[in-house]
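Here is the structure we will look at, set down as structure tokens.
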Amino acid sequence: MKRFILSLISVMILITVCVAMTSSERQDKYVAVFHPAAVKTQDVAEEFFGKEEIIPEEPVVKEPVVEEPKVYDGVVYLTFDDGPVEAITVPILDILKEYGVKATFFTLGSYGERNPEILKRQAEEGHTVANHSYSHKKDIFQSLSTFQSEIEKTNEVILNATGKEVKFFRIPYGTKVGAAYKEYLDSLGMEVIGWNCESYDSRTPKRTAEQILEGVKSTSKGKKEVIVIMHDTYGKTETVKALPSVIEYFQSINYEFKAF
Ligand SMILES: [Zn+2]
């Protein structure tokens, strides 16, 4: 009888141990503690610390940094007529790039046709490529149809090189256009641009770089909106030389550079 009771107790202990060992809960805890990679970190955390409510953080709203717009004392448009020619226009573009200044080029269609890569560069670097007729001949005003052909051919040369429609025209020799010509330009959405500041770089005898700067200074004096006429055509080496001092002059009097 005593042996039977001992055997019964042993069997009961064995069953209790087995039940305890096979408890899936225990197994999970064992896995969680000794093999953390096998269970989600979140589950383990909940097991030990209980569930915690996750409160989303308030998004931090940063005040946008607003830069004060620079206040200028005037505006200056640098304009170049009668190009492009490689020996002059390319160094002019290099100088403009160095100073970070945008300008307007009144292109001759016949020259632009021979230098499309220069027109392309002008447009790519943020300058305005405008129309100054195809041939620059005095007889472009002979008839409206001659004038139309001069305008259209040049617009096409510029459009092909730059991919941009032409919006501005400067009249060769600065002569005024008659009503019919003006009406035609209006129909194309093109505006005529004159000038109010002389560099005298197309005068004879040839002006030096110093004289070009003096011309610009004296003819822009007191004007809040200045349109400087210069030339980027054959022989205008003094214009290239004068350009840095012209730019520095307008910088020194706090004028903003703009292109049309
Ligand atoms: Zn011209």
key: Breaking point among (1) within 15 Å of residue 105 (Cα to Cα); (2) within 16 Å of the ligand (Cβ to nearest atom); (3) of a type in the set (Lys, Arg), for residue 164   = (2)
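Among the residues of the stretch 217-224, is any polar (S, T, N, Q), within 16 Å of the ligand (Cβ to nearest atom) and at negative phi?
No, the stretch 217-224 has no match at all.
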message = So, residue 238, is that one more than 16 Å from the ligand (Cβ to nearest atom), modelled with pLDDT of 95 or more, closer than 29 Å to residue 120 by Cα and not in a helix (DSSP H, G or I) or not?
response = no
ask   = Would you pick out the residues in the stretch 78-123 that are more than 21 Å from the chain's Cα centre (by Cα) and either more than 16 Å from the ligand (Cβ to nearest atom) or among the polar types (S, T, N, Q) (or both)?
value = 86, 87, 89, 91, 107, 110, 113, 114, 115, 116
ask   = under 19 Å from residue 118 (Cα atoms) and either among the small types (Gly, Ala, Ser) or in contact with a helix residue (DSSP H, G or I) (Cβ under 9 Å, 6 or more places away or on another chain) (or both), is that true of residue 177?
value = no
remark   = The correct count of residues that are β-branched (Val, Ile, Thr), out of contact with any Asp or Glu (no Cβ under 9 Å at 6 or more places or on another chain) and modelled with pLDDT of 75 or more in the stretch 46-85 is 6
message = Pairs please, first residue from the stretch 123-136 and touching a residue at least 12 places away in the same chain (Cβ under 8 Å) and under 13 Å from residue 97 (Cβ atoms), second anywhere and among the polar types (S, T, N, Q) and within 15 Å of the ligand (Cβ to nearest atom), Cβ atoms under 7 Å, 6+ apart in sequence or on different chains.
response = 127/104
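Grab the helices (runs of 4 or more DSSP H) fully contained in the stretch 104-168, keeping just those with 2 or more residues being farther than 12 Å from residue 84 by Cα and at pLDDT 95 or above.
Per the criteria, 116-124, 144-162.
The values are calculated or read from the model by the stated rules, or taken from the named source; none is laboratory data. Here the structure is a predicted model, which is why all the values come from computation and not from measurement. Every residue, glycine as well, gets a Cβ built from its backbone with ideal geometry; the counts of neighbours run over all protein chains shown.
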